[in-house]
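Chemist: Quick one: this structure, given as structure tokens, is what I'll be asking you about.
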Amino acid sequence: MTMIKSYAAQQAGAELELYEYDAGQLAPEDVEVTVEYCGVCHSDLSMIDNEWGFSQYPLVPGHEVIGRVSALGSAAQDKGLKIGQRVGIGWTARSCQHCDACISGNQINCQEGSVPTIMNRGGFADKIRADWQWAIPLPEEMDFATAGPLLCGGITVFKPLLTHHITAMSRVGVIGIGGLGHIAIKLLRAMGAEVTAFSSNPSKTQEILDMGADRVVNSRDPQELSALAGQFDLIINTVNVSLDWMPYFTALAPGGNFHTVGAVMKPFEVPAFSLISGDHGISGSATGNPAELRTLMKLATRARVAPQTEEFPMSKVNEALQHVRDGKARYRVVLKADF
């Protein structure tokens, strides 16, 4: 038996409690990782509470894992990973590797269904398992204590920059400067783009400028928004609440795109001529594939992009989760394993 110690919710909305389970024999394609750090994402809360309707209990949250390879399955031993190597595991733990989507490098949209790490038993644990391709090698000079949130929040905002071919000449707006938005600003700054932050909290202006934004716009001021008409190649929405979206569509430059990674539950109301006039687009994305994750971790290390984090011992996981629930995190919370 291979016993793994973890923290699990036994039912929807429950506090996490110590939970030990038998992980069974290591599958041929699997990597086992000893957890050092694991970020806390709002998606963990959604899964704990079964907001999306597919959680299964006992549920072990955690999908921003930093740790060291402790075992390799028989088919994973010649894939470039080594015992003791530091790796990261994000939102996805498994994909089939043979469908058209996987073969084309679009593993996140695996046609047989990619498996979220949380559904595979997540990283609020002393060990975690995943398919070898989703164990992302990390540069040794990376700041591992803060790196975990890059594997979910980071890749979530990095994917639109790749999709829309953002360069140093691009003008990009970011709506919502929280756990996702602050990483987007740091990445855009590293890439040399011109960055405008849309924030509803004027007291955070200097802090946002220090992150790397070129300017901060009060998203509750209609005059400030209307003055931006026709300026942006890309606007990324990171909030999950419904807003008056028309000023943002109007702010797009010809050929510009509005891209949401925030899970807004109400439909976007977009008049057809807001898209037709100016060749505008509206799009969305989830996380990224293994190649995109590797690219992000290399860029973050080279450009010294690190999420702003608060650290809790994993034994204080319920306090950490409540801190996130209360909206007090500035801007991501990371758990340090202390089993």
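The values are calculated or read from the model by the stated rules, or taken from the named source; none is laboratory data. Since we're looking at a predicted model, the values are computed, not measured. Cβ atoms come from the backbone with ideal geometry, glycine included; neighbour counts cover every protein chain shown. Surface areas here come from the heavy atoms of the whole protein model, side chains and all, with no ligands, DNA or RNA. Shrake-Rupley method; radii C 1.70, N 1.55, O 1.52, S 1.80 Å.
Chemist: Using a 1.4 Å probe over the heavy atoms of the protein chains, calculate the carbon and sulfur portion of the accessible area of the chain as a whole percent. Write out the running numbers ahead of the final one.
Modeler: Details: 7180 of 14680 Å².
For the chain, the apolar C and S fraction of the accessible surface comes to 49 percent.
Chemist: Just order 114-126, 12-24, 306-318, 145-157 by mean Cβ neighbour count inside 10 Å, highest at the front, would you?
Modeler: Most protected by this proxy first, the peptides run 145-157, 114-126, 306-318, 12-24.
Chemist: Can you match percent of Cα pairs over 26 Å apart to one of these, (1) 43; (2) 55; (3) 48, based on a calculation from the structure here?
Modeler: Answer by label: (3).
Chemist: Relative to the longest principal axis of the chain, what angle (0 to 90°, nearest 10) does the C-alpha long axis of helix 153-163 take?
Modeler: Relative to the chain, helix 153-163 is tipped by roughly 60 degrees.
Chemist: Can you tell me the accessible area per residue over the range 194-309, all protein chains present, probe 1.4 angstrom, in square angstrom? Before the final figure, lay out each step's value.
Modeler: Working: 5780 Å² over 116 residues.
I get 50 Å² per residue for this part.
Chemist: Now for a separate question. Please give the helix 290-303 orientation as an angle from the longest Cα principal axis of the chain, in degrees from 0 to 90, rounded to the nearest 10.
Modeler: 70 degrees
Chemist: If you place +1 on the Cβ of every Lys and Arg, -1 on the Cβ of every Asp and Glu, and leave all else neutral, what size is the dipole of the chain about its Cα centre, to the nearest 20 Debye?
Modeler: 540 debye
Chemist: Determine the calculated [θ] at 222 nm for the chain from helices alone, applying -39500 (n - 2.57) to every DSSP H run no shorter than 4 residues and normalising by the residue count; nearest 500 deg cm²/dmol.
Modeler: It comes out at -6500 deg cm²/dmol, rounded to the nearest 500.
Chemist: Using θ = phi - 60° and the Karplus form 6.51 cos²θ - 1.76 cosθ + 1.60, what ³J(HN,Hα) does each residue of the range 245-253 get, whole Hz, x for Gly and Pro?
Modeler: 7, 4, x, 6, 5, 5, 6, 6, 6
Chemist: Right, another one. Among 65, 184, 168, which residue has its Cα positioned farthest towards the positive end of the charge dipole of the chain, with +1 placed on the Cβ of Lys and Arg, -1 on the Cβ of Asp and Glu, and the dipole taken about the Cα centre?
Modeler: 168
Chemist: Which cross-chain or sequence-distant (5 or more) residues have an amide H under 5 Å from the amide H of residue 284, H modelled 1.01 Å from N in plane?
Modeler: For residue 284, the qualifying residues are 260.
Chemist: Show me the GluC sites (Glu not before Pro) within the range 125-206 that DSSP assigns to loop and that have at most 15 other Cβ atoms within 10 Å of their Cβ.
Modeler: Here the sparse-neighbourhood loop sites are 140, 141.
Chemist: Could you grab the relative contact order for the range 151-281? Cα pairs under 8 Å, six or more apart, rounded to a whole percent.
Modeler: For the range 151-281, the relative contact order is 21 percent.
Chemist: Something else now. Can you tell me which of 82-93, 289-300 comes out highest on packing, and rank the rest after it, using the mean Cβ neighbours within 10 Å?
Modeler: 82-93, 289-300
Chemist: Charges on Cβ only, +1 for Lys and Arg, -1 for Asp and Glu, centred on the Cα centroid of the chain; of 241, 270, 223, which one is farthest towards the dipole's positive end?
Modeler: Positive-end residue among those listed: 223.
Chemist: Which ³J(HN,Hα) values, rounded to whole Hz and listed in residue order, are derived for the range 135-145 from phi using the Karplus coefficients 6.51, -1.76 and 1.60 in 6.51 cos²θ - 1.76 cosθ + 1.60 with θ = phi - 60°, glycine and proline given as x?
Modeler: Per-residue couplings from phi come out as 8, 8, x, 10, x, 5, 8, 5, 7, 5, 5 Hz.
Chemist: Please count, across the chain, the pairs of lysine residues with Cα atoms under 24 Å apart that sit 8 or more places apart or on different chains.
Modeler: Within the chain, the lysine pair count is 23.
Chemist: Then there's this: Which whole-number percent gives the relative contact order of the range 111-224, counting Cα pairs below 8 Å spaced six or more residues apart?
Modeler: Contact order relative to length: 17 percent.
Chemist: With N set to the residue count of the range 229-280, report its C-alpha Rg divided by 2.2 N^0.38 Å to two decimal places.
Modeler: Working: Rg = 10.5 Å, N = 52, 2.2 N^0.38 = 9.9 Å.
My calculation over the Cα atoms of the range 229-280 gives 1.07.
Chemist: Roughly how tilted is helix 181-191, in degrees to the nearest 10 and between 0 and 90, from the longest Cα axis of the chain?
Modeler: 80 degrees
Chemist: Let me ask something additional. Extent of the range 50-150 along each principal axis, from alpha carbon coordinates, in Å, largest to smallest?
Modeler: That works out to 38, 30, 25 Å along the principal axes.
Chemist: Same structure, new question: With a ≥ b ≥ c the root eigenvalues of the C-alpha gyration tensor of the range 1-113, is it rounded (a/c under 1.5), prolate (a/b larger than b/c) or oblate?
Modeler: Judged from the Cα gyration tensor, the range 1-113 comes out oblate (a/c at least 1.5, b/c at or above a/b).
Chemist: Does the range 52-93 classify as rounded, prolate or oblate by the C-alpha gyration tensor (a ≥ b ≥ c root eigenvalues; a/c under 1.5 gives rounded; else a/b over b/c gives prolate, otherwise oblate)?
Modeler: Since a/c reaches 1.5 and a/b is larger than b/c, the shape of the range 52-93 is classed as prolate.
Chemist: Another question, if that's okay. So, with +1 on the Cβ of K and R and -1 on the Cβ of D and E, and no other charges, what is the size of the charge dipole of the range 1-70 about its Cα centre, to the nearest 20 debye?
Modeler: 80 debye
Chemist: While we're on this one: In the neighborhood of residue 138, defined by Cβ-to-Cβ distances under 12 Å, what is the net charge if each Lys or Arg adds +1 and each Asp or Glu adds -1?
Modeler: Residues close to residue 138 contribute a combined charge of 0.
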